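Worksheet: one structure, shown below.
The values are calculated or read from the model by the stated rules, or taken from the named source; none is laboratory data. Remember, predicted model here, so these are calculated numbers, not experimental data. Methodologically, a virtual Cβ is constructed for each residue, glycine included, from the backbone with ideal geometry; neighbour enumeration extends over all protein chains shown. For the accessible areas, the whole protein counts, side chains as well, though only heavy atoms, and no ligand, DNA or RNA atoms are used. Shrake-Rupley method; radii C 1.70, N 1.55, O 1.52, S 1.80 Å.
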Amino acid sequence: MPSIPLPKDLRINAARFLADFEALAAIGSTQDGGVNRPALSEAHLQSRVWFRERAERAGLVVSVDGAGSHFARLACGQNPERSLLLGSHLDSVPMGGRFDGALGVAAALEVLETVREAGLHLPVDLEAVDFTDEEGTLVGLLGSAALANHLQPAEIQNPRGGRQRLLDGLQRAGLSEAGLFQAGRDPASLAGYLELHIEQGPRLERKGIPVGVVTAIVGIVSYRLVFEGRANHAGTTPMDERCDAGLGAAGFMLAARQLVVQSFPECVVNVGALKLEPGAFNIVPGRAELALEFRSADQQTLDQLQQALLALAEREARAAGLSVTVVFLGRHEPAPMHPAMRQAIGRAAADLGLVTLDLPSGAGHDGQSLANLCPTGMIFIPSQAGISHSPHEFSAWHDCVNGVNLLLQAALNFNP
Ligand code: GLV
Ligand code: MN
Ligand code: MN
(Lines give C-alpha, C1' and ligand atoms only; values in the text may rest on other atoms or scores of the structure.)
(Ligands and ions follow the chains in the order given, each with its own letter.)
Protein backbone atom coordinates (compact mmCIF):
# COMPACT_ATOMS: atom_id res chain seq x y z
CA MET A 1 0.00 0.00 0.00
CA PRO A 2 1.38 3.47 -0.81
CA SER A 3 2.21 5.32 2.38
CA ILE A 4 0.35 8.55 3.16
CA PRO A 5 2.81 11.45 2.98
CA LEU A 6 3.31 13.56 6.09
CA PRO A 7 2.00 17.10 5.51
CA LYS A 8 5.62 18.33 5.29
CA ASP A 9 6.38 15.90 2.47
CA LEU A 10 3.21 16.61 0.54
CA ARG A 11 3.76 17.94 -3.00
CA ILE A 12 1.41 19.11 -5.72
CA ASN A 13 0.70 17.15 -8.90
CA ALA A 14 2.82 19.16 -11.34
CA ALA A 15 1.39 17.49 -14.47
CA ARG A 16 -2.17 18.29 -13.42
CA PHE A 17 -1.17 21.84 -12.59
CA LEU A 18 0.47 22.27 -16.00
CA ALA A 19 -2.70 21.05 -17.73
CA ASP A 20 -4.76 23.58 -15.77
CA PHE A 21 -2.34 26.41 -16.42
CA GLU A 22 -2.34 25.68 -20.15
CA ALA A 23 -6.12 25.37 -20.28
CA LEU A 24 -6.38 28.86 -18.80
CA ALA A 25 -3.72 30.28 -21.12
CA ALA A 26 -5.81 29.08 -24.09
CA ILE A 27 -8.81 31.20 -23.03
CA GLY A 28 -8.58 34.61 -24.69
CA SER A 29 -5.14 33.65 -26.05
CA THR A 30 -3.43 36.08 -28.43
CA GLN A 31 -1.16 35.25 -31.35
CA ASP A 32 1.93 36.42 -29.53
CA GLY A 33 1.49 33.97 -26.65
CA GLY A 34 -0.34 36.25 -24.23
CA VAL A 35 -3.97 36.56 -23.18
CA ASN A 36 -6.56 39.28 -23.65
CA ARG A 37 -9.09 38.87 -20.84
CA PRO A 38 -10.11 42.30 -19.56
CA ALA A 39 -12.48 42.07 -16.58
CA LEU A 40 -15.98 40.82 -17.45
CA SER A 41 -15.17 40.53 -21.16
CA GLU A 42 -16.43 37.40 -22.93
CA ALA A 43 -12.99 35.80 -22.59
CA HIS A 44 -12.84 36.58 -18.89
CA LEU A 45 -16.31 35.13 -18.34
CA GLN A 46 -15.22 32.03 -20.23
CA SER A 47 -12.26 31.63 -17.89
CA ARG A 48 -14.73 31.72 -15.02
CA VAL A 49 -16.77 28.93 -16.58
CA TRP A 50 -13.50 27.00 -16.62
CA PHE A 51 -12.96 27.82 -12.92
CA ARG A 52 -16.42 26.57 -11.95
CA GLU A 53 -16.16 23.37 -13.95
CA ARG A 54 -12.62 22.66 -12.79
CA ALA A 55 -13.50 23.23 -9.14
CA GLU A 56 -16.61 21.06 -9.35
CA ARG A 57 -14.58 18.27 -10.98
CA ALA A 58 -12.25 18.48 -7.98
CA GLY A 59 -15.18 18.02 -5.60
CA LEU A 60 -15.08 21.62 -4.33
CA VAL A 61 -18.12 23.70 -3.50
CA VAL A 62 -18.39 26.74 -5.77
CA SER A 63 -20.02 30.06 -4.88
CA VAL A 64 -20.12 33.49 -6.51
CA ASP A 65 -20.53 36.73 -4.56
CA GLY A 66 -22.31 39.97 -5.53
CA ALA A 67 -19.13 41.31 -7.16
CA GLY A 68 -18.79 38.18 -9.28
CA SER A 69 -15.73 36.88 -7.44
CA HIS A 70 -15.62 33.09 -7.65
CA PHE A 71 -14.89 30.87 -4.64
CA ALA A 72 -14.26 27.12 -4.43
CA ARG A 73 -14.30 25.64 -0.94
CA LEU A 74 -12.73 22.50 0.47
CA ALA A 75 -14.44 21.44 3.69
CA CYS A 76 -11.27 20.25 5.41
CA GLY A 77 -11.40 22.39 8.55
CA GLN A 78 -12.06 21.50 12.14
CA ASN A 79 -13.68 24.92 12.26
CA PRO A 80 -15.88 25.10 9.16
CA GLU A 81 -16.96 28.65 10.05
CA ARG A 82 -13.57 29.99 8.97
CA SER A 83 -11.37 29.56 5.95
CA LEU A 84 -7.94 30.40 4.65
CA LEU A 85 -8.32 32.06 1.24
CA LEU A 86 -5.82 31.25 -1.51
CA GLY A 87 -6.05 32.84 -4.91
CA SER A 88 -5.59 35.69 -7.35
CA HIS A 89 -7.45 36.87 -10.48
CA LEU A 90 -8.31 35.56 -13.94
CA ASP A 91 -8.79 38.95 -15.60
CA SER A 92 -5.84 40.39 -17.51
CA VAL A 93 -4.74 43.80 -18.68
CA PRO A 94 -5.53 44.36 -22.39
CA MET A 95 -3.11 42.17 -24.37
CA GLY A 96 -1.46 40.90 -21.20
CA GLY A 97 0.54 37.84 -20.26
CA ARG A 98 -0.60 34.36 -19.28
CA PHE A 99 1.00 34.31 -15.80
CA ASP A 100 -0.29 37.47 -14.10
CA GLY A 101 -3.15 36.30 -11.88
CA ALA A 102 -3.88 32.98 -13.62
CA LEU A 103 -0.84 31.39 -11.98
CA GLY A 104 -2.22 32.15 -8.52
CA VAL A 105 -5.74 30.94 -9.28
CA ALA A 106 -4.60 27.66 -10.87
CA ALA A 107 -2.17 27.24 -7.96
CA ALA A 108 -4.92 27.71 -5.38
CA LEU A 109 -7.10 25.06 -7.06
CA GLU A 110 -4.14 22.67 -7.24
CA VAL A 111 -3.36 23.17 -3.54
CA LEU A 112 -6.96 22.42 -2.57
CA GLU A 113 -7.03 19.31 -4.72
CA THR A 114 -3.71 18.12 -3.28
CA VAL A 115 -5.02 18.57 0.28
CA ARG A 116 -8.28 16.83 -0.58
CA GLU A 117 -6.49 13.85 -2.12
CA ALA A 118 -4.22 13.55 0.91
CA GLY A 119 -7.29 13.56 3.16
CA LEU A 120 -5.76 16.17 5.47
CA HIS A 121 -7.81 17.77 8.23
CA LEU A 122 -6.74 21.34 8.88
CA PRO A 123 -7.73 23.90 11.52
CA VAL A 124 -9.90 25.79 9.01
CA ASP A 125 -11.39 25.21 5.54
CA LEU A 126 -9.46 26.19 2.42
CA GLU A 127 -11.01 28.39 -0.25
CA ALA A 128 -9.66 29.17 -3.71
CA VAL A 129 -10.70 32.57 -5.01
CA ASP A 130 -10.73 34.36 -8.36
CA PHE A 131 -11.29 38.06 -7.63
CA THR A 132 -13.13 40.30 -10.13
CA ASP A 133 -11.26 43.10 -11.94
CA GLU A 134 -7.97 43.07 -10.08
CA GLU A 135 -6.32 44.78 -13.04
CA GLY A 136 -8.39 47.94 -13.06
CA THR A 137 -9.70 47.90 -16.61
CA LEU A 138 -13.01 48.67 -14.89
CA VAL A 139 -12.42 49.91 -11.33
CA GLY A 140 -9.39 48.08 -9.93
CA LEU A 141 -9.33 45.59 -7.03
CA LEU A 142 -13.10 45.58 -7.48
CA GLY A 143 -13.86 42.10 -6.13
CA SER A 144 -11.46 42.31 -3.19
CA ALA A 145 -12.56 45.84 -2.21
CA ALA A 146 -16.18 44.67 -2.33
CA LEU A 147 -15.34 41.67 -0.15
CA ALA A 148 -13.44 43.89 2.30
CA ASN A 149 -16.40 46.30 2.49
CA HIS A 150 -14.44 49.32 1.36
CA LEU A 151 -15.79 49.85 -2.10
CA GLN A 152 -16.83 53.52 -2.42
CA PRO A 153 -20.00 54.48 -4.36
CA ALA A 154 -17.98 57.25 -6.06
CA GLU A 155 -15.62 54.64 -7.54
CA ILE A 156 -18.60 53.00 -9.22
CA GLN A 157 -20.10 56.27 -10.43
CA ASN A 158 -16.85 57.41 -11.98
CA PRO A 159 -14.70 54.32 -12.50
CA ARG A 160 -11.32 54.66 -14.11
CA GLY A 161 -12.30 52.47 -17.07
CA GLY A 162 -15.43 54.58 -17.72
CA ARG A 163 -18.96 54.17 -16.40
CA GLN A 164 -20.50 52.61 -19.52
CA ARG A 165 -17.80 49.97 -19.75
CA LEU A 166 -18.50 48.97 -16.13
CA LEU A 167 -22.26 48.82 -16.68
CA ASP A 168 -21.82 46.73 -19.85
CA GLY A 169 -19.51 44.34 -18.01
CA LEU A 170 -21.88 43.93 -15.07
CA GLN A 171 -24.71 43.19 -17.46
CA ARG A 172 -22.67 40.62 -19.41
CA ALA A 173 -21.82 38.88 -16.14
CA GLY A 174 -25.36 39.02 -14.75
CA LEU A 175 -24.23 41.29 -11.90
CA SER A 176 -25.73 44.50 -10.53
CA GLU A 177 -24.42 47.69 -8.98
CA ALA A 178 -26.37 46.96 -5.81
CA GLY A 179 -24.82 43.50 -5.68
CA LEU A 180 -21.32 44.99 -5.56
CA PHE A 181 -22.20 46.48 -2.19
CA GLN A 182 -23.58 43.21 -0.87
CA ALA A 183 -20.38 41.23 -1.34
CA GLY A 184 -18.89 42.26 2.03
CA ARG A 185 -17.58 39.31 3.99
CA ASP A 186 -17.62 38.91 7.76
CA PRO A 187 -13.95 39.22 8.78
CA ALA A 188 -14.56 36.54 11.43
CA SER A 189 -15.02 34.03 8.59
CA LEU A 190 -11.51 34.67 7.23
CA ALA A 191 -8.43 33.13 8.81
CA GLY A 192 -6.13 34.71 6.25
CA TYR A 193 -5.32 35.35 2.60
CA LEU A 194 -2.31 34.00 0.76
CA GLU A 195 -1.45 34.63 -2.90
CA LEU A 196 1.16 33.26 -5.28
CA HIS A 197 2.12 35.68 -8.06
CA ILE A 198 4.92 36.40 -10.49
CA GLU A 199 7.22 39.20 -9.34
CA GLN A 200 6.62 41.32 -12.48
CA GLY A 201 10.00 42.98 -11.90
CA PRO A 202 13.65 41.95 -12.32
CA ARG A 203 14.96 41.63 -8.76
CA LEU A 204 14.63 37.88 -8.11
CA GLU A 205 16.02 36.90 -11.49
CA ARG A 206 18.97 39.30 -11.19
CA LYS A 207 19.89 37.87 -7.80
CA GLY A 208 19.23 34.27 -8.84
CA ILE A 209 16.76 33.78 -5.96
CA PRO A 210 13.72 31.53 -6.57
CA VAL A 211 11.26 33.04 -4.07
CA GLY A 212 10.25 36.52 -2.94
CA VAL A 213 8.47 37.08 0.36
CA VAL A 214 6.48 40.27 -0.06
CA THR A 215 6.94 42.83 2.71
CA ALA A 216 4.34 45.39 1.54
CA ILE A 217 2.22 46.27 -1.48
CA VAL A 218 2.44 49.77 -2.96
CA GLY A 219 -0.36 52.30 -2.69
CA ILE A 220 -1.81 53.42 -6.04
CA VAL A 221 -3.65 56.64 -6.90
CA SER A 222 -5.31 57.38 -10.22
CA TYR A 223 -6.60 60.62 -11.74
CA ARG A 224 -7.89 61.83 -15.06
CA LEU A 225 -6.40 65.22 -16.05
CA VAL A 226 -8.03 67.30 -18.76
CA PHE A 227 -6.07 70.19 -20.27
CA GLU A 228 -8.23 72.57 -22.29
CA GLY A 229 -7.14 75.28 -24.72
CA ARG A 230 -8.49 76.27 -28.12
CA ALA A 231 -8.78 74.12 -31.22
CA ASN A 232 -7.56 76.09 -34.23
CA HIS A 233 -6.13 75.81 -37.72
CA ALA A 234 -2.74 74.08 -37.57
CA GLY A 235 -1.44 75.86 -40.67
CA THR A 236 -2.53 79.43 -40.10
CA THR A 237 -2.31 79.94 -36.34
CA PRO A 238 1.08 81.48 -35.46
CA MET A 239 3.16 79.29 -33.15
CA ASP A 240 3.17 81.87 -30.34
CA GLU A 241 -0.60 82.37 -30.46
CA ARG A 242 -1.72 78.79 -29.90
CA CYS A 243 -3.53 77.43 -26.86
CA ASP A 244 -2.32 73.90 -27.53
CA ALA A 245 -3.78 71.43 -25.02
CA GLY A 246 -1.41 68.74 -26.29
CA LEU A 247 1.53 70.89 -25.35
CA GLY A 248 0.22 71.18 -21.78
CA ALA A 249 -0.12 67.42 -21.55
CA ALA A 250 3.34 66.85 -22.98
CA GLY A 251 4.87 69.43 -20.62
CA PHE A 252 3.17 67.77 -17.69
CA MET A 253 4.37 64.30 -18.68
CA LEU A 254 8.00 65.36 -18.94
CA ALA A 255 7.91 67.43 -15.75
CA ALA A 256 6.17 64.66 -13.78
CA ARG A 257 8.91 62.21 -14.68
CA GLN A 258 11.57 64.74 -13.67
CA LEU A 259 9.79 65.42 -10.37
CA VAL A 260 9.64 61.75 -9.42
CA VAL A 261 13.20 60.95 -10.46
CA GLN A 262 14.62 63.94 -8.58
CA SER A 263 12.39 64.27 -5.51
CA PHE A 264 10.54 60.97 -5.04
CA PRO A 265 13.10 58.30 -5.90
CA GLU A 266 11.14 55.46 -4.24
CA CYS A 267 8.00 56.28 -6.22
CA VAL A 268 6.79 55.86 -9.79
CA VAL A 269 4.48 57.87 -12.04
CA ASN A 270 2.83 56.87 -15.29
CA VAL A 271 0.68 58.46 -17.96
CA GLY A 272 -0.78 55.37 -19.58
CA ALA A 273 -3.29 56.92 -21.98
CA LEU A 274 -3.45 60.24 -23.77
CA LYS A 275 -6.27 61.46 -25.97
CA LEU A 276 -6.01 64.64 -28.06
CA GLU A 277 -9.16 66.22 -29.45
CA PRO A 278 -10.53 66.88 -31.98
CA GLY A 279 -7.64 64.65 -33.09
CA ALA A 280 -6.58 65.55 -36.64
CA PHE A 281 -3.29 66.33 -38.39
CA ASN A 282 -4.38 69.85 -39.18
CA ILE A 283 -6.04 70.99 -35.95
CA VAL A 284 -4.22 72.37 -32.92
CA PRO A 285 -5.60 70.17 -30.10
CA GLY A 286 -8.19 71.97 -27.99
CA ARG A 287 -8.44 69.22 -25.41
CA ALA A 288 -6.01 66.68 -23.97
CA GLU A 289 -7.14 64.00 -21.58
CA LEU A 290 -4.61 61.87 -19.79
CA ALA A 291 -4.71 58.85 -17.48
CA LEU A 292 -2.39 59.50 -14.56
CA GLU A 293 -1.31 56.91 -12.02
CA PHE A 294 1.36 57.12 -9.30
CA ARG A 295 2.53 54.75 -6.61
CA SER A 296 4.40 54.63 -3.31
CA ALA A 297 4.80 52.01 -0.60
CA ASP A 298 4.55 54.76 2.02
CA GLN A 299 1.28 56.54 2.79
CA GLN A 300 2.75 59.94 3.65
CA THR A 301 4.99 59.96 0.61
CA LEU A 302 1.97 59.08 -1.53
CA ASP A 303 0.15 62.13 -0.11
CA GLN A 304 3.14 64.39 -0.79
CA LEU A 305 3.54 63.06 -4.32
CA GLN A 306 -0.14 63.64 -4.99
CA GLN A 307 0.12 67.25 -3.88
CA ALA A 308 3.25 67.83 -5.93
CA LEU A 309 1.82 66.30 -9.12
CA LEU A 310 -1.45 68.21 -8.94
CA ALA A 311 0.44 71.48 -8.36
CA LEU A 312 2.61 70.61 -11.35
CA ALA A 313 -0.46 70.12 -13.55
CA GLU A 314 -1.68 73.61 -12.59
CA ARG A 315 1.75 75.12 -13.32
CA GLU A 316 2.09 73.43 -16.70
CA ALA A 317 -1.45 74.49 -17.67
CA ARG A 318 -0.77 78.10 -16.74
CA ALA A 319 2.53 78.13 -18.61
CA ALA A 320 0.77 76.96 -21.80
CA GLY A 321 -2.26 79.26 -21.39
CA LEU A 322 -4.63 76.40 -20.65
CA SER A 323 -7.07 75.34 -17.97
CA VAL A 324 -6.80 71.98 -16.28
CA THR A 325 -9.52 69.88 -14.65
CA VAL A 326 -8.51 67.21 -12.18
CA VAL A 327 -10.78 64.18 -11.69
CA PHE A 328 -9.97 61.84 -8.81
CA LEU A 329 -10.57 58.21 -9.81
CA GLY A 330 -9.41 56.09 -6.92
CA ARG A 331 -6.83 55.28 -4.29
CA HIS A 332 -5.60 51.96 -2.97
CA GLU A 333 -3.58 52.34 0.22
CA PRO A 334 -0.14 50.81 0.70
CA ALA A 335 -0.42 47.58 2.70
CA PRO A 336 2.21 45.87 4.82
CA MET A 337 2.03 42.05 4.77
CA HIS A 338 1.28 40.26 8.04
CA PRO A 339 4.29 38.98 10.02
CA ALA A 340 2.59 35.62 10.72
CA MET A 341 2.09 35.04 6.99
CA ARG A 342 5.64 36.10 6.19
CA GLN A 343 6.90 33.67 8.83
CA ALA A 344 4.73 30.84 7.51
CA ILE A 345 6.13 31.42 4.01
CA GLY A 346 9.69 31.64 5.36
CA ARG A 347 9.39 28.37 7.35
CA ALA A 348 7.85 26.55 4.41
CA ALA A 349 10.56 27.83 2.05
CA ALA A 350 13.27 26.62 4.44
CA ASP A 351 11.61 23.17 4.57
CA LEU A 352 11.58 23.09 0.78
CA GLY A 353 15.21 24.25 0.57
CA LEU A 354 14.23 27.44 -1.28
CA VAL A 355 16.24 30.62 -0.70
CA THR A 356 14.03 33.70 -0.23
CA LEU A 357 14.35 37.46 -0.64
CA ASP A 358 12.16 39.94 1.25
CA LEU A 359 10.89 42.56 -1.18
CA PRO A 360 8.07 45.09 -1.59
CA SER A 361 5.60 44.75 -4.45
CA GLY A 362 5.54 47.60 -6.95
CA ALA A 363 2.43 46.08 -8.51
CA GLY A 364 -1.01 46.32 -6.96
CA HIS A 365 -2.68 43.15 -5.69
CA ASP A 366 -5.95 42.09 -4.08
CA GLY A 367 -3.94 41.51 -0.89
CA GLN A 368 -4.02 45.25 -0.27
CA SER A 369 -7.79 45.07 0.11
CA LEU A 370 -7.56 42.01 2.32
CA ALA A 371 -4.73 43.28 4.55
CA ASN A 372 -7.12 45.21 6.82
CA LEU A 373 -9.40 42.24 7.12
CA CYS A 374 -7.20 39.27 7.92
CA PRO A 375 -3.52 38.22 8.01
CA THR A 376 -2.36 38.54 4.40
CA GLY A 377 0.78 37.35 2.65
CA MET A 378 2.22 37.02 -0.85
CA ILE A 379 4.77 34.77 -2.49
CA PHE A 380 6.62 35.91 -5.64
CA ILE A 381 8.49 33.81 -8.17
CA PRO A 382 10.95 35.27 -10.72
CA SER A 383 9.77 36.96 -13.91
CA GLN A 384 12.07 36.56 -16.90
CA ALA A 385 13.73 39.93 -17.58
CA GLY A 386 11.18 41.46 -15.20
CA ILE A 387 8.64 41.75 -18.04
CA SER A 388 4.93 41.81 -17.20
CA HIS A 389 1.66 43.33 -18.44
CA SER A 390 2.92 42.12 -21.78
CA PRO A 391 2.45 38.97 -23.86
CA HIS A 392 6.18 38.38 -23.33
CA GLU A 393 5.68 37.85 -19.61
CA PHE A 394 7.35 34.53 -18.73
CA SER A 395 8.37 32.50 -15.69
CA ALA A 396 10.32 29.25 -15.83
CA TRP A 397 8.19 26.19 -15.21
CA HIS A 398 10.32 24.89 -12.32
CA ASP A 399 9.90 28.26 -10.58
CA CYS A 400 6.12 28.02 -11.02
CA VAL A 401 6.03 24.49 -9.56
CA ASN A 402 8.28 25.58 -6.64
CA GLY A 403 5.87 28.44 -6.06
CA VAL A 404 2.80 26.20 -5.92
CA ASN A 405 4.52 23.75 -3.55
CA LEU A 406 5.49 26.71 -1.40
CA LEU A 407 1.90 27.99 -1.43
CA LEU A 408 0.78 24.54 -0.28
CA GLN A 409 3.37 24.30 2.48
CA ALA A 410 2.85 27.90 3.64
CA ALA A 411 -0.90 27.23 3.90
CA LEU A 412 -0.16 24.12 5.99
CA ASN A 413 2.38 26.07 8.10
CA PHE A 414 0.10 29.02 8.83
CA ASN A 415 -1.46 28.83 12.26
CA PRO A 416 -4.86 30.52 11.99
C1 GLV B 1 -1.88 45.46 -11.38
O2 GLV B 1 -1.27 44.50 -11.79
C3 GLV B 1 -1.22 46.72 -11.23
O4 GLV B 1 -0.21 46.78 -10.54
O5 GLV B 1 -1.68 47.68 -11.87
MN1 MN C 1 -1.88 40.32 -10.89
MN1 MN D 1 -1.45 42.85 -13.35
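Could you look at region 119-173 and say what percent of its accessible area is carbon and sulfur, using a 1.4 Å probe and all protein chains?
Carbon with sulfur: 48 percent of the solvent-accessible area.
Roughly to the nearest percent, how much of the accessible area of region 219-332 is carbon and sulfur, given a 1.4 Å probe?
Result for region 219-332: 51 percent of the exposed heavy-atom area is carbon or sulfur.
For the chain, what mean projected area does the convex hull of the alpha carbons give, in nm²?
21.0
Give, rounded to the nearest 20 debye, the magnitude of the charge dipole that region 219-332 has about its Cα centre when Lys and Arg contribute +1 at Cβ and Asp and Glu contribute -1 at Cβ.
120
Using mean Cβ contacts within 10 Å as the protection proxy, how do 113-122, 246-255 order, highest first?
Top of the packing list down: 246-255, 113-122.
Can you give the FRET efficiency for Leu310 and Glu42, using 1/(1 + (r/R0)^6), R0 = 25 Å, r = Cβ-Cβ distance, to the nearest 0.05?
Approximately 0.10, to the nearest 0.05.
Quick one: putting +1 on the C-beta of Lys and Arg, -1 on the C-beta of Asp and Glu, what dipole do you get for the chain around its Cα centre, in Debye to the nearest 20?
For this selection, approximately 140 debye.
Taking only C-alpha pairs under 8 Å that are 6+ residues apart, what is the relative contact order of the chain in percent?
Dividing the mean separation by the residue count of the chain yields 22 percent.
Between Ala19 and Ala178, what FRET efficiency comes out of the Förster formula 1/(1 + (r/R0)^6) with R0 = 41 Å and r the beta carbon distance, rounded to 0.05?
About 0.60, to the nearest 0.05.
Starting from the Cα gyration tensor of region 170-242, take the square roots of the eigenvalues, sort them a ≥ b ≥ c, and report rounded, prolate or oblate (rounded when a/c is under 1.5, otherwise prolate if a/b is larger than b/c, else oblate).
Oblate, because a/c is 1.5 or more while a/b does not exceed b/c.
Which values, in whole Å and largest first, are the semi-axes of the equivalent ellipsoid of region 219-332 obtained as the square root of 5 times each eigenvalue of the Cα gyration tensor?
29, 13, 10
Given the Cα-Cα distance of Gln343 and Val61 and 0.36 nm per residue of separation, how much length would full extension add, in nm?
Computed gain between Gln343 and Val61 is 98.6 nm.
With r as the distance between the Cβ atoms of Arg318 and Val268 and R0 = 30 Å, compute the FRET efficiency 1/(1 + (r/R0)^6) and round to 0.05.
Once rounded, the FRET efficiency stands at 0.70.
Would you mind getting the accessible area per residue of the chain, heavy atoms of the protein chains only, 1.4 Å probe, in Å²?
42
Just the C-alpha atoms of region 200-282: what Rg/Rh do they give, with Rh taken as the Kirkwood radius?
Rounded to two decimals, Rg over Rh is 1.17.
Between Ala234 and Ala280, what length in nm is gained on full extension when 0.36 nm per residue of separation is reduced by their alpha carbon distance?
Length difference between fully extended and current span is 15.6 nm.
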